[in-house]
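K.L.:
Below you'll find the structure I mean.
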Amino acid sequence: MTPDYGAFQLEIYLAGTQGLLPRYPVDAESLERKAQEVLPSWIWSYVAGGCGNERTQRANVDAFDKWGIVPRMGVGATERDLSVELFGTTLPSPVFMAPIGVIGICSQDFHGDLAVARAAERTGVPAVQSTLSMDPMEETGAIHQETPGFFQLYMPKDRDLALSFIQRAEQSGYKGIAVTMDTWTPGWRPRDLNTSNFPQLRGMCISNYFTDPNFLGKLAKSPEEDMPSAILTWAGNFGQPITWDDLAWIREATDLPVMPKGICHPDDVRRAIDVGADAIYCSNHGGRQANGGLPALQHLPEVVAAAGDTPVLFDSGVRDGSDVVLALALGATAVGVGRSYAYALAVGGEDGLVHHLRSILAEADLLMAINGYPTIADLRADGAVRRVM
């Protein structure tokens, strides 16, 4: 039986009887407001912004309003089991932290990648650590002991460099590779364009390149000696449009589970499985990469149907425990949170992030209890989701 996540609310209420209020908000909207107050404007715009007029970003969030849970009474769901099986491992909950390429600079000390790994260990919520990080994968990977970490790969143009990243991820103890397929070039992001802001071109969040023997071999001088040239070399190597042949090559290059990220069409699901994908990662990058598309949640049922027995991870628009439960009911194996945990990290560092993850887990657990679903299987089997007309 998994932990009694819902007991977190009793912990908060009991503290209140001693005059103690929560140090951090329990809801994503309040976290977002506070994060805007504490983050420098250039980091805020990068995290909060989306592509174009941000229509798809808003649609991702609004899509959850079109679905509802059907409660079942008389069940007595006094104990819940929210555990899930993924790649032969039992995870205590279906929640994970999606990769965020600038999470490192969202913490006050600019070591957010390390804080995320520590928060994962404290909560049992896995993290997908980005290629774009302030701290190299060896340091974040060493923290992931009890709770698995996964490595997110932005495929570089040089396969030898990609292979180096993959091998380093293996050696660092990561338990899977999420291959992002929709970010070989940045999307059109007006908030950042209006301020000429691209953190990586300022030398931030590219430590995995600057610690890689293959990449360093491309430089005439070390990054410390000639940072502008190192950054330009990074820019020239970032971003390979991933084909199915590339994905098949990645599958052959590692024994770790491979999860193509950005899959929204059922035909792409089947192609990914044909070339050896171990899981499908349904996502539209939170609306950051392409505007005008359908919300990711709308694609999820078809993706799940096409995937069959292959696990499906999901993110985009998830803000709280209610969203997690809805995505589970639609068939997701595991559900990723994104922007909200960046806000939590900005507001309260590692402790603030732990508080946020516990809040999400508590809300999801309590919803399962009150609606009469002891397990995720019960939630799905009972037809627990309906479209609200």
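K.L.:
Quick check on Asn284: is it open to solvent by 20 Å² or more (accessible area, probe 1.4 Å) and either under 13 Å from the mean Cα position of the chain (by Cα) or modelled with pLDDT under 95 (or both)?
P.N.:
yes
K.L.:
Are there strands (runs of 3 or more DSSP E) fully within the stretch 26-125 with at least 3 residues that are closer than 17 Å to Asp315 by Cβ and within 20 Å of the chain's Cα centre (by Cα)? List them.
P.N.:
Filter on the stretch 26-125 gives 95-97.
K.L.:
Let me ask something else. On the given criteria, is Val84 in contact with a strand residue (DSSP E or B) (Cβ under 8 Å, 6 or more places away or on another chain) and open to solvent by 30 Å² or more (accessible area, probe 1.4 Å)? I'd like the intermediate steps shown before the answer.
P.N.:
Details: in contact with a strand residue (DSSP E or B) (Cβ under 8 Å, 6 or more places away or on another chain): yes; open to solvent by 30 Å² or more (accessible area, probe 1.4 Å): no.
So Val84 fails the test.
K.L.:
Say we look at the stretch 189-226 and pick out the residues that are at positive phi and among the small types (Gly, Ala, Ser); which of these is surrounded by the most Cβ atoms within 10 Å (Cβ to Cβ)?
P.N.:
The initial filter retains those residues of the stretch 189-226 that are at positive phi, namely 196, 203, 205.
Narrowing further to those that are among the small types (Gly, Ala, Ser): 196, 203.
On the way: Ser196: 8, Gly203: 15.
Checked the stretch 189-226; the qualifying residue surrounded by the most Cβ atoms within 10 Å (Cβ to Cβ) is Gly203.
K.L.:
Next question. Filter the stretch 12-25 down to residues that are open to solvent by 60 Å² or more (accessible area, probe 1.4 Å) and part of a helix (DSSP H, G or I) and give me whichever is farthest from Ala346 (Cα to Cα).
P.N.:
Thr17
K.L.:
Taking the stated definitions as given, is Glu11 among the charged types (D, E, K, R) and under 21 Å from the mean Cα position of the chain (by Cα)?
P.N.:
When the stated conditions are applied, Glu11 does not pass them.
K.L.:
Please go through the stretch 259-275 and pick out each residue that is touching a strand residue (DSSP E or B) at 6+ places or on another chain (Cβ under 7 Å) and either of a type in the set (D, E, K, R) or open to solvent by 10 Å² or more (accessible area, probe 1.4 Å) (or both).
P.N.:
Passing the criteria: Lys261, Gly262, Cys264.
K.L.:
Also, quick follow-up: Report yes if Leu153 is within 14 Å of the chain's Cα centre (by Cα) and open to solvent by less than 10 Å² (accessible area, probe 1.4 Å), otherwise no.
P.N.:
Spelling it out, Leu153 is indeed within 14 Å of the chain's Cα centre (by Cα) and open to solvent by less than 10 Å² (accessible area, probe 1.4 Å).
K.L.:
Can you pull out the residues in the stretch 137-150 that are closer than 15 Å to Ile206 by Cβ and surrounded by 23 or more Cβ atoms within 10 Å (Cβ to Cβ)?
P.N.:
Met137, Thr140
K.L.:
Output the residues belonging to the stretch 27-81 that are open to solvent by 60 Å² or more (accessible area, probe 1.4 Å), modelled with pLDDT under 95 and among the aliphatic types (A, V, I, L, M).
P.N.:
Selection gives Met73, Val75.
K.L.:
Tell me, which residue of the stretch 293-331 that is β-branched (Val, Ile, Thr) and more than 21 Å from Thr56 (Cβ to Cβ) is surrounded by the fewest Cβ atoms within 10 Å (Cβ to Cβ)?
P.N.:
Looking at the filtered set, the residue picked out is Thr310.
K.L.:
Still on this structure, I have one more. Any residue in the stretch 96-109 that is more than 16 Å from Arg288 (Cβ to Cβ) sitting within a Cβ distance under 9 Å of a residue that is among the aromatic types (Phe, Trp, Tyr) and in a loop (DSSP other than H, G, I, E, B)? List the pairs, counting only those 6 or more apart or interchain.
P.N.:
Gly104/Phe110
K.L.:
Tell me which of these Glu139 doesn't satisfy, since it passes every other one: (1) touching a residue at least 12 places away in the same chain (Cβ under 8 Å); (2) closer than 24 Å to Ser283 by Cβ.
P.N.:
(2)
K.L.:
From (1) in contact with a Cys (Cβ under 7 Å, 6 or more places away or on another chain); (2) open to solvent by 30 Å² or more (accessible area, probe 1.4 Å), pick out the condition that doesn't hold for Pro241.
P.N.:
Status for Pro241: all satisfied but (1).
The values are calculated or read from the model by the stated rules, or taken from the named source; none is laboratory data. The model shown is predicted, which means the values in this text are computed figures rather than measured ones. Note: ideal-geometry Cβ built from the backbone for every residue, glycine included; neighbour counts use all protein chains shown. Heavy atoms of the whole protein, side chains included, go into the accessibility calculation; ligands, DNA and RNA do not. Shrake-Rupley method; radii C 1.70, N 1.55, O 1.52, S 1.80 Å.
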